[in-house]
1. Do we have any residue at all in the range 112-123 that's farther than 23 Å from residue 165 by Cα, crowded, with 16+ Cβ neighbours inside 10 Å and over 20 Å from the mean Cα position of the chain (by Cα)?
2. Restricting to the range 31-43, count the residues that are at pLDDT 90 or above and either assigned by TED's automatic domain parsing to the domain that holds residue 143 or over 30 Å from residue 197 (Cα atoms) (or both).
3. For the range 131-156, what are the residues that are within 12 Å of residue 65 (Cα to Cα) and more than 8 Å from the chain's Cα centre (by Cα)?
4. Among the numbered criteria (1) surrounded by 15 or more Cβ atoms within 10 Å (Cβ to Cβ); (2) at pLDDT 95 or above; (3) closer than 22 Å to residue 136 by Cα, which single criterion is violated by residue 73?
5. Consider residue 67 carefully, then state whether it is over 21 Å from residue 193 (Cβ atoms) and assigned to a helix (DSSP H, G or I).
6. Give the residue, chosen from 63, 49, that is surrounded by 14 or more Cβ atoms within 10 Å (Cβ to Cβ) and on the phi < 0 side of the Ramachandran plot.
7. Out of all the residues in the range 183-198, is one or more surrounded by 13 or more Cβ atoms within 10 Å (Cβ to Cβ), within 16 Å of the chain's Cα centre (by Cα) and under 20 Å from residue 137 (Cα atoms)?
């Protein structure tokens with residue numbers, strides 16, 4: 001999802017602002033609804049799909065995302081409140097989370113706050129995995145650092161139900177890869193703190209198994225990269 005907090009397109013008459021637009025959905029901040037300062041996530045129709053099938057896919061994904069967010073909250077994960085699910089328009093009305101996208105402020109945080117933040121994130125993701133949920137897009141762009149210092153996990157559009165250790169490893173691999181590519185100087189310490197928090201919830205035996213799977217995933221990625229490089233050379 002392309003995020004544009006702070007650079008919004010505003011419809012002042014309706015108190016609405018388009019703050020993000022991706023391939024699947026657009027996010028609109030609404031200040032004229034029943035709950036002031038609400039976020040509407042609207043899944044966009046796809047003209048290349050048969051209309052009836054497109055409607056069915058968008059409705060199913062909207063319903064699934066709402067169910068997963070609800071379950072995540074039950075598991076003790078901090079994420080937005082759901083106010084309404086509009087299945088007909090394939091829209092979710094959810095809490096607009098006040099705070100800063102972690103990707104934008106991570107470099108400016110003191111080391112103690114960074115460590116505390118990533119331990120908290122590790123515990124949240126461990127609760128998700130323990131409860132059979134994979135986030136699917138685990139990056140610092142989908143974590144909001146609230147004014148209180150707590151972290152809120154957002155954008156469950158790619159989430160799914162799974163207890164497979166392979167998918168848990170992929171979730172964590174995405175976070176690690178993103179830290180290395182985007183926050184290289186801080187990657188090791190942030191990931192270490194994440195694993196500390198993850199271990200608190202899931203225990204050492206489970207963490208060893210997940211990290212072993214993570215190494216396997218990384219090796220597969222390197223192998224594919226080496227094969228592609230070799231093919232290009234030939």
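The values are calculated or read from the model by the stated rules, or taken from the named source; none is laboratory data. Just so it is clear, the structure is predicted and the values come from calculations on it, not from any experiment. Cβ atoms come from the backbone with ideal geometry, glycine included; neighbour counts cover every protein chain shown.
1. For the range 112-123, residues farther than 23 Å from residue 165 by Cα, crowded, with 16+ Cβ neighbours inside 10 Å and over 20 Å from the mean Cα position of the chain (by Cα): absent.
2. 5
3. Hits for the range 131-156 are 133, 134.
4. Of the numbered conditions (1) surrounded by 15 or more Cβ atoms within 10 Å (Cβ to Cβ); (2) at pLDDT 95 or above; (3) closer than 22 Å to residue 136 by Cα, the odd one out for residue 73 is (1).
5. Against the criterion (over 21 Å from residue 193 (Cβ atoms) and assigned to a helix (DSSP H, G or I)), residue 67 qualifies.
6. Criteria check complete, one pass: 63.
7. Yes - at least one qualifying residue is present in the range 183-198.
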